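Asks: Here it is, the structure, as structure tokens.
The values are calculated or read from the model by the stated rules, or taken from the named source; none is laboratory data. Here the structure is a predicted model, which means the values were calculated and not measured. Quick reminder, even Gly has a Cβ in these numbers, built from the backbone with ideal geometry, and neighbours come from all protein chains shown.
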Amino acid sequence: MSGRKPYTRSMSGWWKRDPFFTAYMVREATSFIVAAYAIVLLVGLVRLGQGKEAYDGFMQALQSPISVVFHLVTLAVFVYHTWSWFQIMPKTMPMIFISGKRLEGATITRTGVAVAVVVTIVFLAFVMGVTR
Amino acid sequence: MKRANDPIFWLPFGAGGVLAALFGPALVLITGFAAPFAIGLGPDALGYDNMMAFAHNAIGKLFLFAIVVFFLWHAALRIYHTLHDFGVHVGTVLKLIIFGGSLVATVIAVWTLLAIGF
């Protein structure tokens with residue numbers, strides 16, 4: 001036993017001190033919404049397995065105002081996720097060298113976002129096509 | 001030296017991150033707006049019969065599994081680190097909730113997809 005009172009620096013609000021930290025925390029905090037959306041999809045899958053009546057109820061619930069608000073927030077979060085995912089991609093992937101020159105981070109980001117836009121359009125068109 | 005078990009978590013984390021980045025916005029548009037309100041899609045686009053057919057298909061099954069499970073594990077790993085960064089001590093109980101919850105959800109998803117059959 002000792003009377004030591006070691007100084008522990010408070011962690012509250014550390015991420016507000018620097019815009020870089022704030023961006024990091026916003027990016028990380030989007031995960032709560034991603035988890036919520038995954039759970040909504042899981043509920044839909046479980047209801048599907050339970051039969052037509054259960055699944056119809058789930059689809060009906062998707063029309064409720066709460067669902068609309070939730071999906072609006074989720075849509076914003078996912079668009080941000082897409083943008084930020086490719087924003088940090090140059091830092092998370094191994095360096096690429098093309099004829100001795102390192103591939104620029106901005107190029108990786110632009111390519112990633114462009115691919116995401118194409119995939120989004122193709123995927124939407126595909127779903128529209130097959131469900132017609 | 002103890003081997004790090006991190007890579008086991010990185011795979012679903014990265015897969016979930018990529019899937020969310022590529023399909024996330026479109027998926028939310030479809031399941032949140034287009035399908036329930038029949039905007040650009042038929043009223044039964046994601047109806048019972050269509051979704052059952054999709055879930056019976058091997059590729060459809062795999063897609064549903066990947067979306068639900070990888071999204072969840074991606075989010076779980078980020079939530080785990082986010083709590084730590086906010087100064088929340090992530091002890092055994094919280095770890096059990098975050099990763100145990102993800103594991104339970106994974107089992108439910110696999111179980112449901114198998115029960116639906118091929």
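Asks: Given the conditions (1) outside any helix (DSSP H, G or I); (2) surrounded by 11 or more Cβ atoms within 10 Å (Cβ to Cβ), and given that A:THR8 satisfies all but one, which numbered condition is not satisfied?
Replies: (2)
Asks: Turning to a different aspect of this structure: I want to confirm something. Restricting to the stretch A:2-51 and keeping residues that are at pLDDT 85 or above and of a type in the set (Gly, Ala, Ser), which single residue is nearest to B:VAL68 (Cα to Cα)?
Replies: The selected residue is A:ALA38.
Asks: When you go through A:VAL79, A:VAL69, A:VAL113 one by one, which is the residue that is under 16 Å from B:GLY24 (Cβ atoms), more than 8 Å from chain B (Cβ to nearest Cβ) and of a type in the set (A, V, I, L, M)?
Replies: Working: A:VAL79 fails: more than 8 Å from chain B (Cβ to nearest Cβ); A:VAL69 fails: under 16 Å from B:GLY24 (Cβ atoms).
That would be A:VAL113, the only listed residue that is under 16 Å from B:GLY24 (Cβ atoms), more than 8 Å from chain B (Cβ to nearest Cβ) and of a type in the set (A, V, I, L, M).
Asks: Kindly indicate whether any position in the stretch B:41-57 is more than 8 Å from chain A (Cβ to nearest Cβ), over 24 Å from A:ALA54 (Cβ atoms), assigned to a helix (DSSP H, G or I) and not aliphatic (A, V, I, L, M).
Replies: Checked the stretch B:41-57: no residue is more than 8 Å from chain A (Cβ to nearest Cβ), over 24 Å from A:ALA54 (Cβ atoms), assigned to a helix (DSSP H, G or I) and not aliphatic (A, V, I, L, M).
Asks: Please tell me if B:GLY32 is over 24 Å from B:LEU114 (Cα atoms) and touching a residue at least 40 places away in the same chain (Cβ under 8 Å). Please lay out each step first, then the result.
Replies: Numbers: over 24 Å from B:LEU114 (Cα atoms): yes; touching a residue at least 40 places away in the same chain (Cβ under 8 Å): no.
Judged against the criteria, B:GLY32 is not a match.
Residues are listed down the side, and each one gets a yes or a no for (1) in contact with a Lys or Arg (Cβ under 7 Å, 6 or more places away or on another chain); (2) over 28 Å from B:VAL104 (Cβ atoms):
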position	(1), (2)
A:PHE20	no, yes
A:TYR37	no, no
A:TYR55	yes, no
A:GLN60	no, no
A:ILE66	no, no
A:TRP85	no, no
A:LEU103	no, yes
A:THR107	no, yes
A:VAL118	no, yes
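Asks: Among the residues of the stretch B:81-107, which ones are of a type in the set (Phe, Trp, Tyr) and more than 9 Å from chain A (Cβ to nearest Cβ)?
Replies: So in the stretch B:81-107, the residues of a type in the set (Phe, Trp, Tyr) come out as B:86, B:99.
The answer is B:PHE99, and nothing else.
Asks: Given the residues A:PHE70, A:PHE58, which is the only one that is touching a helix residue (DSSP H, G or I) at 6+ places or on another chain (Cβ under 7 Å), assigned to a helix (DSSP H, G or I) and surrounded by 13 or more Cβ atoms within 10 Å (Cβ to Cβ)?
Replies: Details: A:PHE70 fails: touching a helix residue (DSSP H, G or I) at 6+ places or on another chain (Cβ under 7 Å).
Just a single option satisfies the conditions, and that option is A:PHE58.
Asks: Also, I was wondering about something else. So which residues in the stretch A:14-37 are exposed (fewer than 10 other Cβ atoms within 10 Å of the Cβ) and outside any helix (DSSP H, G or I)?
Replies: Quick first cut of the stretch A:14-37, residues exposed (fewer than 10 other Cβ atoms within 10 Å of the Cβ) only: A:17, A:19-20.
Result: A:ARG17, single match.
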